[in-house]
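Chemist: Below you'll find the structure I mean.
Just so you know, all these numbers are worked out from the coordinates, no wet-lab data involved. Source: prediction; values computed, not measured. Positions of Cβ are generated from backbone atoms using ideal geometry, with glycine treated the same way; all protein chains shown enter the neighbour counts.
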Amino acid sequence: MIPSMVVDLLLQNDIKEVRLFNPTGNVLEAFTGTRDLITISITIPNDYFFQFNSQDEVLEWVDNWITTFKQRVNFRYVVLGNQPYSVSVFKNRTYEHTLEKLDLLQSTLNARGYGNEIKATTSHYTDLLNIHRNKSVNPSEAEFLPEFRDRMTEYLRILRKNQAPAMLNVIPMQYIIEHNLDVSFAFMDGKSSYKVIDNNGLVYDNAFEFLYDSFLWAMIKTGHGDVKLVVSQIGWPTDALEIATVANAERFHKHFLPHIAGNRGTPLRPGTNIDVFLQNLSDENKLSLNWGEYQRHWGIYQFNGEPKYKIDFTGQGHETLPSVARGITLMPKRWCVFNGDNTRDNKTLSREIDKCCSFADCSSLEEGGSCSHLVYEKKVSYAFNRYFQTMVHNQSEVCGMNGFGKIVDTDPSDGNCTFPIEILAAEYKQRQDEFLGEKSTSDNPEESSPGSSSVASVPENIILRNMVLRFTIYIFLSLMIL
C-alpha cells in the first residue's frame, strides 16, 4: 500500500495515534493535513542513533525530521531503537551510550522548544525481569535482573527528569510458550485454569496484567514507580505457529480492548488509564525470524488491505470488521508453481527452494502454519510463488527456478493456505539513508527484532510487497477511544 492509502485506512477507522518505524520523507508527507486527526511517534533505528556523536548531529536530525514536519504533523514520542532492549540486546550493546544519547536527544528537543509535547524514550522486553528465570515469582517479587538493575535505574531517572514515559513490549503468547502455561492465560476472558495469587492477595488470571504489574513492581523498587509506563507493543499473530491463528487473534482483542477502553487498570493499579500500541496494522514480510516465524504475521490486516478478523477499535466490544483499504489493485492472476519434474537432482531443487525462502517469506509453511498441511510438491509451489510475487518485475523470467517452475492462471490456494498475488499500486523501496543518512550500514540480521525491518541485500530496484512501506504501524488505543 502506498502512504496515502495507509493514511486513508487509518482515518476510515478513526485511529488517532500511530508509531512509525524507519519513516521516509514521503511517508511523513502523506500525513500532511492530519495534524488535528492523527498523532505520530517515530523511531530512530538502533544502528543510526548509536552514531550520534555530538549535539550538533542530534540537532541536525531534529531539524530535518521534527522541525521540517512539525507544522503539518503532530508528534508525541521519539523512540530510540527499532530493537527494544532485551537480555540479548543488553549483552550486545553498550547501554550507557543509549542513556547518554537519550538524554542528549531530549535536551535537544527541549532546546528547540518541543520538550513539553515531544518526549524521547526507549522500549524494553519483560525478559529483563527475574520472572522469566523463575515462573513461580509473583509480581510483587519481580525486579530487574541484577546485571541490568543499575542501568534501568538510570534509564528511569532520566525519564522522570524529563517527564517522559517508559515503554514496555508485552507479548502474552510468547510468555506462555516459554513457560508452558495454559494458553487461556494469554487472554483476558477469565477462562484460564492457571492463576497467580500474589503474596499481597492480588489475583492474576491473565498474562498481560501479570507482566505489566511485574514491570511496575521492578520500577517501584528502583524508586521510580511514578514514571508512566506505556505498552509499546502488544498483539496476537495469525500464522506460522499452532496457536497463532485468526481465531485466537480475534479472541485476544475482543477482550483486551474493552479492558483498556474501560480504564480498568491492573490489580496493582485498578481504575487507571494505560496507553497501548497494538502490533500492528499489516503483516511484515521482512521482519527478523530470530524470535519465531510468527513475527511476520502480527497484522490486523492482510497485505492487500483486507481485515483478517473482527476487531472493534473503539473498545466497545462490537463484533465488527474494520474498514477495507480503498484503491488496492492486484497484479494479474498468475502464479508460479512447481512443474512436477522429479527426474532431476533433488539437491538442485532444494537449492531453488532455499533461494526462494531466503528472499521471500515462507513462514506460513512452518509447523502449525496455514500452509503446513500441504504435500511436498505443493510446498515447493508455495515457495516458488512467494519468490515470484516478490520479484514482481520481469515475472516471466523469475519463474524459471532452474527449470522447475511454470506459470499458471488457476489459483493453487489450498484450504486456509493462500497463494497470494501481489499489489500493483505499491511503491519502490526507498533507500533508508533518506531517513538515516549514509551512516546506516548494518547488515547484521541480529540487528532486527520484533518491530523492525531488515533491508540488507534487497536490490534497490525491486518493488517490495506484503508490508506497509517498510514501516510498522502501531495503533495507539488509549487516545483513540472516546
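Chemist: Rounded to the nearest angstrom and ordered from largest down, what semi-axes does the equivalent ellipsoid of segment 288-390 get from its C-alpha gyration tensor (root of 5λ)? Don't skip to the answer; put the middle values down first.
Modeler: Working: eigenvalues 213, 54, 28 Å².
Semi-axes (√(5λ), whole Å): 33, 16, 12.
Chemist: Evaluate the charge dipole of the chain about its Cα centre and quote only its size in Debye, nearest 20, assuming +1 on the Cβ of each Lys and Arg and -1 on the Cβ of each Asp and Glu. Don't skip to the end; give the middle numbers.
Modeler: Numbers: 46 positive and 59 negative charges, 105 e Å.
The dipole magnitude comes to about 500 debye.
Chemist: Report, in debye and to the nearest 20, how large the dipole of segment 335-408 comes out about its Cα centre when Lys and Arg carry +1 and Asp and Glu carry -1 on their Cβ.
Modeler: The calculated dipole for segment 335-408 is roughly 120 debye.
Chemist: Could you list R19, R326 so that the one with the fewest beta carbons within 10 Å of its beta carbon is first and the one with the most is last? If you can, show how the numbers build up before the last one.
Modeler: Numbers: R19 28, R326 10.
Going from least to most buried by this count: R326, R19.
Chemist: How big is the Cα convex hull of segment 335-408 in projection, averaged over all directions, in nm²?
Modeler: Values: hull surface 18.4 nm².
With every direction weighted equally, the projected area is 4.6 nm².
Chemist: While we're looking at this one, here's another question. Using packing as a proxy for protection, rank 337-350, 60-73 so that the peptide with the highest average count of other Cβ atoms within 10 Å comes first. Provide the component values of the computation, followed by the final result.
Modeler: Numbers: 337-350: 12.9, 60-73: 16.1.
For the peptides 337-350, 60-73, the packing ranking is 60-73, 337-350.
Chemist: What helices in the chain pass both tests, a Cα length along the helix axis of 15 Å or more and a mean Kyte hydropathy of -0.5 or higher, using whole DSSP H runs? Walk me through the numbers on the way to the answer.
Modeler: Working: long enough: 95-111 (24 Å, -0.43); 146-162 (25 Å, -1.34); 207-221 (21 Å, 0.81); 246-261 (22 Å, -0.19); 346-359 (20 Å, -0.64); 376-390 (21 Å, -1.11).
Within the chain the helices that satisfy the rule are 95-111, 207-221, 246-261.
Chemist: State, as an integer percentage, the relative contact order of segment 1-132 based on alpha-carbon contacts under 8 Å between residues 6 or more apart.
Modeler: Working: 164 pairs, mean separation 32.9, N = 132.
Rounded, it is 25 percent for segment 1-132.
Chemist: Going by how many other Cβ atoms sit within 10 Å of their own, how do S232, S413, S192 line up, fewest first?
Modeler: Ascending number of Cβ neighbours within 10 Å: S413, S192, S232.
Chemist: Name the trypsin sites (Lys or Arg not before Pro) in segment 120-154 that are in a loop by DSSP and that have at most 11 other C-beta atoms within 10 Å, would you?
Modeler: On the way: sites: R133, K135, R149, R151; in loops: R133, K135.
Qualifying residues, ordered by number: R133.
Chemist: Under a cut-off of 16 Å between alpha-carbon atoms, report the aspartates and glutamates in cross-link reach of K101, not counting same-chain residues fewer than 8 places apart.
Modeler: Within the straight-line limit of under 16 Å, K101 reaches these aspartates and glutamates: D47, D56, E57, E60, E154.
Chemist: Using alpha-carbon pairs under 8 Å, 6+ residues apart, how would you state the relative contact order of segment 335-408 in percent? Mind showing how you got there, number by number?
Modeler: Values: 83 pairs, mean separation 37.0, N = 74.
50 percent.
Chemist: Ok, one more. If I take every Cα pair under 8 Å that is 6 or more residues apart in the chain, average their sequence separation and divide by the length, what percent do I get for the relative contact order? Display every interim value, and only then the final one.
Modeler: Working: 970 pairs, mean separation 93.8, N = 482.
Relative contact order comes out at 19 percent.
Chemist: State the cysteines of the chain left without a partner when partners are defined as other cysteines whose beta carbon lies under 4.7 Å away.
Modeler: C356
Chemist: Further question on the same structure: Just to confirm my numbers, what's the Cα centroid distance between segment 357-406 and segment 125-174 in Å?
Modeler: Using only Cα atoms to place each centre, the spacing works out to 41 Å.
Chemist: With a point put 7 Å past each Cα toward its Cβ, work out how far D189 is from V87 in nm, to one decimal.
Modeler: Modelled inter-label distance: 3.2 nm.
Chemist: Given K191/K228; K347/K406; K161/K221; K119/K254; K333/K355; K254/K379, which pairs have Cα atoms separated by over 25 Å?
Modeler: Working: K191/K228 30 Å; K347/K406 19 Å; K161/K221 18 Å; K119/K254 31 Å; K333/K355 23 Å; K254/K379 33 Å.
The answer is K191/K228; K119/K254; K254/K379.
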